[in-house]
Amino acid sequence: MPHIHVEYSANVQDLAIKPLLLALNQAMLDGAYVKSAVDVKSRAIRQQDFVIGLDAQDQGYVHVKVSLLNGRSLELKSEISRKILSVLQDYVPVQNIQIQLCVEILEMDKTTYSKNVISI
């Protein structure tokens, strides 16, 4: 069920998005945070329009939001956050600018989240 949203500033160079998304999904599976690989959905958006600070040109970011159904402990959410940050550190190449790597864990209310799988 987790949804992983990666947003990154357009000044981040040579970021291999598909391998990053696959690694993030794999980390969720390896950590046993999901029952099945197909439970994780990830996507990325390159942000063309962004401002860091007062328009610092030597700054960039990669921000990951992980949306989970509520009910997980604070310890488990912190563990997931650290695991995702570790993947970012492995996959975001060194740049000629400073890159801020961030992870945000969001909770979705089970009572208002709806899903339906349409089969072939």
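Proximity of backbone amide H atoms, modeled 1.01 Å from N, is registered between GLY60 and GLN98, ILE99, GLN100 at under 5 Å, excluding neighbours fewer than 5 places apart on the same chain. Placing a pseudo-label 7 Å from each Cα along the Cα-to-Cβ vector at HIS3 and GLU104 gives an inter-label distance of 1.3 nm. Out of all DSSP beta bridges with both ends in the chain, state the antiparallel percent to the nearest 5. If we restrict to bridges inside the chain, about 25 percent are antiparallel. Taking all Cα-Cα distances within the chain, those exceeding 18 Å account for 53%.
Phi angles across region 16-26 convert, under the Karplus curve 6.51 cos²θ - 1.76 cosθ + 1.60 with θ = phi - 60°, into 3J(HN,Hα) values of 7, 5, 4, x, 5, 4, 4, 5, 5, 4, 4 Hz, Gly and Pro given as x. Centre-to-centre, using Cα atoms only, region 96-120 and region 1-39 are separated by 10 Å. Most fluctuating residue of VAL62, VAL34, VAL103 in a GNM of the chain with Cα springs under 10 Å: which is it? For the chain, modelled as a Gaussian network with Cα springs under 10 Å, the answer is VAL34. By the Kirkwood approach, averaging reciprocal distances over each pair of separate Cα atoms, region 6-69 gets a hydrodynamic radius of 13.3 Å.
With springs connecting C-alpha atoms under 10 Å apart, model the chain as a Gaussian network and identify which of LEU101, LEU24, LEU76 has the largest mean-square fluctuation. For the chain, modelled as a Gaussian network with Cα springs under 10 Å, the answer is LEU76. With 0.36 nm allotted per residue and the present C-alpha distance subtracted, the ASP30-ASN96 stretch has 20.5 nm of extension available. For the chain, with all protein chains in place and a probe radius of 1.4 Å, 51% of the accessible heavy-atom surface sits on carbon or sulfur. Taking each residue as 0.36 nm, the span from GLU79 to THR112 lengthens on full extension beyond its C-alpha to C-alpha distance by 9.4 nm.
The 1.4 Å probe gives accessible areas that order GLU107, GLU75, GLU7, largest first, as GLU75, GLU107, GLU7. Here the contact order of region 14-120, divided by its residue count and restricted to Cα pairs under 8 Å and six or more residues apart, works out to 34 percent. For the chain, the per residue solvent-accessible surface stands at 63 Å², with DNA, RNA and ligands left out and a 1.4 Å probe.
The values are calculated or read from the model by the stated rules, or taken from the named source; none is laboratory data. The structure presented is a predicted model; accordingly, all values stated were derived computationally and were not measured. A quick note on method: Cβ atoms are made from the backbone with ideal geometry, for glycine too, and the neighbour counts reach across all protein chains shown. Just the protein is used for accessible areas: all its heavy atoms, side chains included, with ligands, DNA and RNA removed. Shrake-Rupley method; radii C 1.70, N 1.55, O 1.52, S 1.80 Å.
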